[in-house]
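Inspection log for the structure reproduced underneath, given as structure tokens.
The values are calculated or read from the model by the stated rules, or taken from the named source; none is laboratory data. A quick note: this is a predicted structure, and the numbers were derived from the prediction, not measured. Cβ atoms come from the backbone with ideal geometry, glycine included; neighbour counts cover every protein chain shown. Side chains are part of the model used for accessible areas, which takes the heavy atoms of the whole protein and leaves out ligands, DNA and RNA. Shrake-Rupley method; radii C 1.70, N 1.55, O 1.52, S 1.80 Å.
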Amino acid sequence: MMDIVDNSPGGDSGALLVKVFASAVSGIHATTVTIEAQASQGARFSLVGLPDTAVKESQMRVQAAMEENGYKYQSMRYIINMAPADIRKEGSAYDLPLAVALTALNENLDTSTLSRTLIMGELSLDGSIKPVHGILPMAIQAAREGFESMIVPHENALEASVVEGLTIYGARELREVIEYIRGNTGTLSPIHYQEPDLTPTVVPGMPDFRDVRGQEEVKRAMEIAAAGMHNIIMVGPPGSGKSMMAKRMPTILPPFTKEESMETTMIHSVAGILPPNSGLMQVRPFRSPHHSTSNVALVGGGSYPKPGEISLAHNGVLFLDELPEFQRNVLEVLRQPLEDRTITISRARRTVSYPASFMLVASMNPCPCGNYNNPYKRCSCTPGMVTSYLSRISGPLLDRIDIQCEITPVPFDDLAQKESAESSATIRERVIRARRIQQERFRDCPGIHTNAQMTPALMNRFVQVEPAGMQQLKLAMERFALSARAYDRILKVARTIADLDGSKMVLAHHIGEAINYRKMDRDSWGHYAGAPLP
């Protein structure tokens with residue numbers, strides 16, 4: 001929205017004031033920014049309201065773009081205020097609204113056509129408009145505040161169009177926007193609300209579980225993990241299929257709900273990794289950072305905090321291959337987001353929070369040489385080496401991983417089998433059925449979508465275990481000295497197993513299977529045995 005006010009006593013010799021509305025993003029939330037531009041006699045350009053260096057440099061880009069397109073840029077005293085002044089304005093996305101304000105002042109434009117319109121975009125020196133980050137959260141906030149339309153770069157138009165109640169105009173050049181203000185509305189084509197299609201796109205050559213030979217127990221564990229969004233770790237020797245199966249996890253996850261897709265798309269939009277001319281994300285993210293990554297890259301941060309890998313994996317999969325090879329301090333920062341499903345980043349300038357509800361899929365070798373407990377190869381590591389290697393993963397972190405399974409090398413007969421294994425599509429159908437049960441169960445619980453997200457209060461309400469199952473769990477707790485957190489994780493996994501079976505009650509065999517997935521909690525696991533080869 002923009003208004004021109006003549007503040008001069010006589011109406012033509014004082015200061016002129018223009019107001020343009022833009023937006024600022026903090027985390028994944030946006031705040032409307034009012035750009036007030038005033039022109040009076042003099043020769044000075046002042047930009048205030050906590051702009052960063054990129055915003056301050058906009059004067060040169062805007063002036064060059066205006067002159068290149070034939071618009072006057074008079075030598076006057078310009079004062080531009082970006083309110084609210086306590087919110088930092090970052091990046092080059094304010095070029096377009098600043099150019100509109102200055103052009104309106106210099107060309108004496110009637111800006112009534114921009115009533116209730118928000119403007120964002122970066123300018124090139126020739127006046128072309130480049131895409132910017134964070135358009136989706138800006139559009140959502142604009143709709144909440146009653147704005148009717150939004151002018152954005154053409155490459156961002158489809159992204160913004162998924163917000164209901166907002167008409168989007170995609171602009172390629174500054175000239176198109178100025179002509180639109182002058183009344184030539186045909187220069188910008190409106191894009192009205194586009195109902196998102198969340199049907200997953202089938203990518204040719206996409207990995208499929210039918211390629212995985214053997215390992216039926218591990219595939220069952222991954223199906224359970226996908227059905228309840230449970231964290232899982234696979235431990236086994238090199239070549240046993242850990243990475244191969246982890247990369248196929250996205251193929252058995254259910255499609256996005258609209259709420260999940262909006263959240264995930266906002267994070268990727270803010271991070272600037274959303275492809276141009278794209279709407280809502282259709283495929284759940286799969287992030288696989290290298291083990292040399294830093295804790296800032298993993299959780300997010302920087303002088304002006306940006307989302308890290310755990311937020312980019314929101315509603316999807318974070319795969320950490322060769323888990324012990326990550327630095328200890330990097331792994332320990334995972335403990336809080338695994339529990340709270342959000343990450344708060346505090347810096348001197350600001351504090352922001354990002355969603356981090358991801359499924360952790362991790363893999364590791366059992367020892368430095370990788371052959372500890374391998375029935376086909378002898379381990380060359382000493383007991384101290386094995387213990388030292390395993391101790392790189394702290395107990396509190398392992399405690400937060402719901403499913404812990406051990407993998408052995410695939411036997412020759414399974415490798416040589418000609419028949420294809422069960423496909424990802426077949427497994428996915430079972431996962432979707434289990435998720436539908438959970439959606440119905442948690443329909444009155446905001447922010448809760450899966451069994452892994454259950455709070456203790458919800459567990460008391462929805463996890464009903466038969467007496468035999470509770471007795472079995474009691475024996476396991478005493479025998480393996482399991483923690484209270486492990487107790488909760490077992491019940492959540494058992495609830496998911498029951499959902500896959502279509503059972504309202506959690507039965508004893510569901511509890512038994514869930515207990516079996518706590519391999520690394522047992523005192524006997526990981527102790528050097530030095531058993532000879534058979």
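Kindly establish whether Thr426 is of a type in the set (S, T, N, Q), under 27 Å from Ile511 (Cα atoms) and in a loop (DSSP other than H, G, I, E, B).
Criteria not met by Thr426.
Kindly indicate whether Tyr78 is among the aromatic types (Phe, Trp, Tyr) and under 18 Å from Leu16 (Cα atoms).
It is true that Tyr78 is among the aromatic types (Phe, Trp, Tyr) and under 18 Å from Leu16 (Cα atoms).
Identify, by number, the condition in (1) at pLDDT below 95; (2) under 34 Å from the mean Cα position of the chain (by Cα) that Asp499 doesn't meet.
(1)
Mind listing whichever residues of the stretch 158-167 are crowded, with 23+ Cβ neighbours inside 10 Å and touching a residue at least 60 places away in the same chain (Cβ under 8 Å)?
Result: Glu159, Ser161.
Would you kindly identify the strands (runs of 3 or more DSSP E) lying entirely within the stretch 15-63 that contain at least 2 residues that are touching a residue at least 60 places away in the same chain (Cβ under 8 Å)?
16-26, 29-40
Assess whether Asp86 counts as being charged (D, E, K, R), assigned to a loop (DSSP other than H, G, I, E, B), open to solvent by 20 Å² or more (accessible area, probe 1.4 Å) and in contact with a helix residue (DSSP H, G or I) (Cβ under 7 Å, 6 or more places away or on another chain).
Considered against the rule, which asks whether it is charged (D, E, K, R), assigned to a loop (DSSP other than H, G, I, E, B), open to solvent by 20 Å² or more (accessible area, probe 1.4 Å) and in contact with a helix residue (DSSP H, G or I) (Cβ under 7 Å, 6 or more places away or on another chain), Asp86 comes out as no.
Between a first residue in the stretch 356-373 that is farther than 18 Å from Val218 by Cα and a second residue that is in a loop (DSSP other than H, G, I, E, B) and polar (S, T, N, Q), which pairs have beta carbons less than 7 Å apart while being 6 or more apart in sequence or on different chains?
Ser357/Asn315; Cys369/Ser380
Does the stretch 486-497 contain any residue that is without any contact (Cβ under 8 Å) to a residue 24 or more places away in the chain, out of contact with any helix residue (DSSP H, G or I) (no Cβ under 7 Å at 6 or more places or on another chain) and either open to solvent by less than 50 Å² (accessible area, probe 1.4 Å) or not aromatic (Phe, Trp, Tyr) (or both)?
No: the stretch 486-497 contains no residue that is without any contact (Cβ under 8 Å) to a residue 24 or more places away in the chain, out of contact with any helix residue (DSSP H, G or I) (no Cβ under 7 Å at 6 or more places or on another chain) and either open to solvent by less than 50 Å² (accessible area, probe 1.4 Å) or not aromatic (Phe, Trp, Tyr) (or both).
Scan the stretch 438-456 residue by residue and report those that are closer than 22 Å to Ile401 by Cβ, open to solvent by less than 60 Å² (accessible area, probe 1.4 Å) and either outside any loop (DSSP other than H, G, I, E, B) or touching a residue at least 24 places away in the same chain (Cβ under 8 Å) (or both).
Matches in the stretch 438-456: Gln438, His449, Thr450, Asn451, Ala452, Gln453, Met454.
Would you mind telling me which numbered condition in (1) surrounded by 14 or more Cβ atoms within 10 Å (Cβ to Cβ); (2) closer than 26 Å to Asn460 by Cβ Met385 fails?
(2)
Quick one: is Gly170 over 24 Å from the mean Cα position of the chain (by Cα), buried (at least 16 other Cβ atoms within 10 Å of the Cβ), under 30 Å from Arg430 (Cα atoms) and of a type outside the set (S, T, N, Q)?
So Gly170 does not fit the description; no.
For the stretch 300-321, indicate whether the set of residues that are of a type outside the set (Val, Ile, Thr), assigned to a loop (DSSP other than H, G, I, E, B), surrounded by fewer than 21 Cβ atoms within 10 Å (Cβ to Cβ) and at pLDDT 90 or above is non-empty.
Yes - at least one qualifying residue is present in the stretch 300-321.
Report the residue count in the stretch 373-413 for those that are outside any loop (DSSP other than H, G, I, E, B) and not β-branched (Val, Ile, Thr).
Count: 16.
Between Leu280, Leu331, which is part of a loop (DSSP other than H, G, I, E, B), of a type outside the set (Val, Ile, Thr) and either touching a residue at least 40 places away in the same chain (Cβ under 8 Å) or open to solvent by 30 Å² or more (accessible area, probe 1.4 Å) (or both)?
Leu280
Go through the residues of the stretch 457-480 one by one and say whether even a single one is open to solvent by 20 Å² or more (accessible area, probe 1.4 Å), under 26 Å from Pro366 (Cβ atoms) and either among the charged types (D, E, K, R) or touching a Leu at 6+ places or on another chain (Cβ under 6 Å) (or both).
yes
Here is a check on your reading of the model: is Ser75 out of contact with any Cys (no Cβ under 6 Å at 6 or more places or on another chain), farther than 25 Å from Val270 by Cβ, open to solvent by 10 Å² or more (accessible area, probe 1.4 Å) and part of a loop (DSSP other than H, G, I, E, B)?
Yes.
Taking the stretch 220-257 only, how many residues are in contact (Cβ under 8 Å) with a residue 24 or more places away in the chain and either over 30 Å from Leu280 (Cβ atoms) or in contact with a Gly (Cβ under 6 Å, 6 or more places away or on another chain) (or both)?
Going through the stretch 220-257 one residue at a time, the tally reaches 11.
Can you confirm whether the stretch 3-21 contains a residue that is touching a Phe, Trp or Tyr at 6+ places or on another chain (Cβ under 8 Å) and either buried (at least 22 other Cβ atoms within 10 Å of the Cβ) or modelled with pLDDT under 90 (or both)?
So far as the stretch 3-21 goes, no, none of its residues is touching a Phe, Trp or Tyr at 6+ places or on another chain (Cβ under 8 Å) and either buried (at least 22 other Cβ atoms within 10 Å of the Cβ) or modelled with pLDDT under 90 (or both).
What is the residue count in the stretch 399-416 for residues that are charged (D, E, K, R) and free of Cβ contacts under 8 Å to residues at least 24 places away in the same chain?
1
Against the condition more than 30 Å from Lys418 (Cβ to Cβ) and outside any loop (DSSP other than H, G, I, E, B), how does Thr113 come out, does it pass?
Here the answer is yes, as Thr113 does meet what is asked.
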